[in-house]
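Shown next, in structure tokens, is the structure this report addresses.
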Amino acid sequence: MKRLGIAILAGAERPQYNGDETSTISGFRSKNMSDDRQQESGSAGRAFIQTVQAAVSDLDQWSQITEAEVAMATEMTRRNELSGGTPVVREFEEEWRRWIGTRFAVTVMNGTASLYSAYFGLGVGPGDEMICPVNTWICTIAPALLLGAKPVFCDVDPDTLLMDPEDMRRRITSKTRCIVPVHLWGNVCDMDAIMTIADGHGIPVVEDCSHAHGARYKGRMCGSIGIAGCWSLQGSKPVSAGEGGVLATDDQELFERACLVGQVNRVAGIDLVGAKYAELQPLGLGMKFRAHPLGIGIAKVQLARLPELNRRRRAYVEEVEAGLAEIPGLRPLRRCEGAERAGFYGFPIIYEGDKDGGPPAERFIVEVGKRIAGASVTPYPNLHELPLFAKGFDIFTRNRGPLCASEGYQGYKPGDFPGAELACRRTVMLPILSDPVPGAARRILDALREAAQRQGR
Ligand SMILES: Cc1ncc(COP(=O)(O)O)c(C=O)c1O
């Protein structure tokens, strides 16, 4: 059965991104669940499966799960390898560490927990400030809030959708404890500029690589440039554990503190490197962020397939991007010098057809949606516009916490981040295809061209 790629929000007529967390926000059923499975659930729209099914079934022949993942999960289950730092978990961590080129890597239950572990590892806490781009998934910043640190957003470059290093520089204060660039949609941040500014102030950088598995900057693996790299292995990511995450670092203190906060009972072997925290182990702080071994087993299979996945996605993305030159009002994102994209968690392009009084991106997307499924607006709201950050919130109750006016939080308002606000208005997400059928890129380009012509461009 053919699925509609665009859901129209009642009244708002807002084309929905249908490959990510917005499907939970909107309450609309996810593209990721086939019609049959929705019906089986008996309550369409309530069950929620967030893994990669073929997004646009007639254009993509990729299957995220193969017999190899099934075999791995079956064998691990037969061995009852279902909890703790099992051999497969250890092997995966070792592979990841070598691949990224860091001294340490540890798995956790999701990408959010990997960021929490990194921030805790750095000692981020009450009174500290943390800078991240205003356009990212909320999980980049959420762990800092829960650690009591104040979020400080910086603008993004509307041509790359990535952290604007100069704006980041302006937001540094004596309280800045950490800077978190995000390699959004697989595009790579200007790491030289970011590291030069951060190093100049002695502030550590944690890279959020949740969209960019395998990306490089000037030959170096993303995630190994700052003090730590964090990845989500959530079900729609290029390496999926269903739910999972990884933290990699060269820094022993950060690593040991990360293990302290979430790896209860996992000290044997690699976790405890020095004697500093020995008396607190094996229980650490008693929190558990440990990954489920079955998920990590599946991710281990997927990691081996990542180079092929990246190759296919790159070829498709580059073919479409090259074709945009012929279509008025559309252009690709800019890449930083030395950036080698990977992961390709989403496929944003820039729509400027609204210049000179043309229709807004949302109308253009509706027009594209009549021809191909899977185009949408950007799924990530600018964080400063969410009530949580715009107005603040009493996180710890009784007027305590980093988002309280009583603790100096001033909130944000529309207009505070012109780059990100422009980017949100003009970003069009195209379907990301992992194994496009022959001619798929051409069909995407035809759809874009026809939609543009229909609007008189
Ligand atoms: C940029 C970014 N950071 C962090 C996360 C959090 O990862 P997880 O969902 O595995 O907790 C996500 C999830 O999509 C993300 O997109």
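Numbers below:
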| quantity | calculated |
| --- | --- |
| Lys pairs under 27 Å by Cα in the stretch 67-298, provided they are eight or more residues apart or on distinct chains | 6 |
| Inter-probe distance in nm under a simple model that places probes 7 Å from Cα toward Cβ, at Glu326 and Ala268 | 6.3 |
| Whole-Å semi-axes of the ellipsoid equivalent to the stretch 67-298 (Cα gyration tensor, √5λ, descending) | 29, 20, 14 |
| Sum of -39500 (n - 2.57) over DSSP H runs of 4+, divided by residues of the chain (222 nm, nearest 500) | -10000 deg cm²/dmol |
| Positive minus negative residues near Val152 (Lys, Arg vs Asp, Glu; Cβ under 13 Å) | +1 |
| Globularity index of the stretch 368-428, i.e. its alpha-carbon radius of gyration over 2.2 N^0.38 Å | 1.57 |
| Computed lengthening from Arg170 to Leu280, 0.36 nm per intervening residue step minus Cα-Cα distance | 35.6 nm |
| Principal semi-axes in Å for the stretch 299-457 [√(5λ), Cα gyration tensor, largest first] | 35, 23, 13 |
| Tensor-based shape of the chain (alpha-carbon gyration tensor, a/c under 1.5 rounded, otherwise prolate or oblate) | oblate |
| Neighbourhood charge, 12 Å Cβ-Cβ cut-off, centred on Gly408 and excluding it, Lys, Arg +1 and Asp, Glu -1 | 0 |
| Between the stretch 257-335 and the stretch 392-456, the alpha-carbon center distance in angstrom | 23 |
| Largest-first ellipsoid semi-axes for the stretch 159-270, taking √(5λ) over the Cα gyration tensor eigenvalues, angstrom | 25, 19, 12 |
| Cα gyration tensor shape for the stretch 66-122, rounded if a/c is under 1.5, else prolate or oblate | prolate |
| The stretch 65-160 - Rg over Rh from alpha carbon coordinates, Kirkwood radius | 1.10 |
| Proximal charge balance of Leu309 [Cβ under 14 Å; K/R count +1, D/E count -1] | +3 |
| Two-site FRET efficiency, Gln252 against Arg442, from Cβ-Cβ distance with R₀ of 56 Å, rounded to 0.05 | 0.60 |
| The stretch 373-384 - phi-based ³J(HN,Hα) in whole Hz, Karplus 6.51/-1.76/1.60, Gly and Pro as x | 8, x, 8, 7, 6, 5, x, 9, x, 5, 4, 5 |
| Whether the stretch 254-367 is rounded, prolate or oblate, judged on the alpha carbon gyration tensor where a/c under 1.5 counts as rounded | prolate |
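Taken together, the values in this text are just the output of simple stated rules run on the coordinates, not laboratory data. Since the structure is predicted, the reported quantities are computational estimates derived from the model, not experimental observations. Cβ sites come from the backbone with ideal geometry, for glycine too, and all protein chains shown count toward neighbours.
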